[in-house]
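For reference, the structure is listed below as structure tokens.
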């Protein structure tokens, strides 16, 4: 069930009133929202709801086991076992075939024929997201940030809540569980903000991401060597806009929907292509993942506490695993390592810290933005190319300067401009719009979303592709 | 198109937010169903047949005929045709 569909609109039209009608009966409300979330997940493959249930029950029990022991070493042992079980499940579904193939290739390279065998099982949608939610919970219990909840229902609700279930944002256990304790206050609904997040998300996904994908980017990446150098350059920037508009659309809609139901999710994007360094980029792109990796991987590895070399090592490990989190392929690993290397180089050059721009001056900041944007867009090619041959061919053809003709149509050019506007328009314009909307008469409050969705429908492609991050 | 930390934009909390949100939600869906009824008909036609689907489908068909009779749904089709002609995208 995709957000920009009639099916989801009908689903939400039922979920919204029932949730608020049950608000005074918090337990029943959570039972209803868990059931609705499992129904939402079952729309893809009903059998995978079992995975959701098993993960919830296991981590509910694991948290109690961790909390049961007073001795730190015992607590740590139980935590490691629980983390290994969570990652084992993820590894089985997502990485087994990748590692099996890599191992067999490695043996073949030294002349040995080893047949490990592959598994034929569909990858459960969003397994990486639900695993990270579960890990957040048990690690926070281990760190005594939160007490283990006595309610299995709360854990099922936290891991399975439908707005964030498929593609985030990754909500921290301590932030979400605090919201499950009692009824939610309807006065917390920020209508203008939620409406514009949802409308903006629909526009970014249905119009910009879909037309960039089907109208240009997919064709360029399908056979890079058949395209001109200029088209490959446009394809690289096109994909950068597409993945931003696609992924940020999902999380914007998720944040808006959750708020309409009375729940708060963290911010996930903050104009990432305005970043003036790679460190700055990771503070703006998929913020809930980058902060998760920082808190649950980089810092436990030692962070920057144990000297320069150890810091560089920890950055590389974090970013390499962050790359692999996206998928089981060498391209994702290379993408993660590229970002890790860039972060290390920035540290070597001293381009880090919260006030790096203020220290650098305007010209250096502008150069920082230019270099960062080119680096990020080049790295996306690894992310998007379907195989090693594809990205090798892509770069070889792009840098060959073979031809400077282009197949970009005027319509695709307009879509490019609209995508770029998502970063160019000042944030205060949107804030003013929201404020005006909140102050507008009721009829106008209904007319605005109606007109925007009507116009999006007029210009929508015939079918909506799934969100890119669903595969992760 | 914007991404805002929800907690950073605290404004005075108006009363009756829930009522207003409900009116916005159902008002918008109702207007869309009346002005683009064909999409509801198509969606229901794609579903597996059961008594609920069949009843809803018949209702959607009535809505489509009423909308067509009043000339409301033809506005959408004309707008769509103009968009396809201008943009050059594949017709439905």
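The values are calculated or read from the model by the stated rules, or taken from the named source; none is laboratory data. Nothing here was measured: the structure is a model prediction, and the numbers come from that model. So basically every Cβ, Gly included, is an ideal-geometry build from the backbone, and we count neighbours across all protein chains shown.
Observations on the structure shown:
- Helices (runs of 4 or more DSSP H) wholly inside segment A:222-318 containing at least 2 residues that are touching a residue at least 40 places away in the same chain (Cβ under 8 Å), within 11 Å of chain B (Cβ to nearest Cβ) and in contact with a helix residue (DSSP H, G or I) (Cβ under 8 Å, 6 or more places away or on another chain): A:229-260
- Odd one out for residue A:177 among (1) more than 8 Å from chain B (Cβ to nearest Cβ); (2) under 18 Å from the mean Cα position of the chain (by Cα): (2)
- Any hit, segment A:123-143, residues being out of contact with any strand residue (DSSP E or B) (no Cβ under 9 Å at 6 or more places or on another chain) and exposed (fewer than 11 other Cβ atoms within 10 Å of the Cβ): no
- Qualifying residue in segment A:231-239 (condition: buried (at least 24 other Cβ atoms within 10 Å of the Cβ) and under 21 Å from residue A:456 (Cβ atoms)): yes
- Any chance residue A:450 is at pLDDT 90 or above and in a helix (DSSP H, G or I): yes
- For segment B:9-19, the criterion of a residue being at pLDDT 90 or above, over 30 Å from residue A:273 (Cβ atoms) and within 11 Å of chain A (Cβ to nearest Cβ) is satisfied by at least one position.
Okay, residues lined up against (1) more than 11 Å from chain B (Cβ to nearest Cβ); (2) assigned to a loop (DSSP other than H, G, I, E, B):
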residue: A:390; (1), (2): yes, no
residue: A:394; (1), (2): yes, no
residue: A:406; (1), (2): yes, yes
residue: A:412; (1), (2): no, no
residue: A:416; (1), (2): yes, no
residue: A:422; (1), (2): no, no
residue: A:430; (1), (2): no, no
residue: A:434; (1), (2): no, no
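- Segment A:438-465, residues that are buried (at least 18 other Cβ atoms within 10 Å of the Cβ) and either more than 8 Å from chain B (Cβ to nearest Cβ) or out of contact with any helix residue (DSSP H, G or I) (no Cβ under 8 Å at 6 or more places or on another chain) (or both): A:448, A:452, A:460
- All conditions but one from (1) at pLDDT 90 or above; (2) away from chain B (no Cβ under 13 Å) apply to residue A:165; the one that does not is (1).
- Residue A:35 meets each of the listed conditions (1) in contact (Cβ under 8 Å) with a residue 40 or more places away in the chain; (2) closer than 23 Å to residue B:47 by Cα; (3) away from every other protein chain (no Cβ under 14 Å) apart from (1).
- Check on residue A:113, modelled with pLDDT of 85 or more and either more than 14 Å from chain B (Cβ to nearest Cβ) or under 23 Å from residue A:287 (Cα atoms) (or both): no
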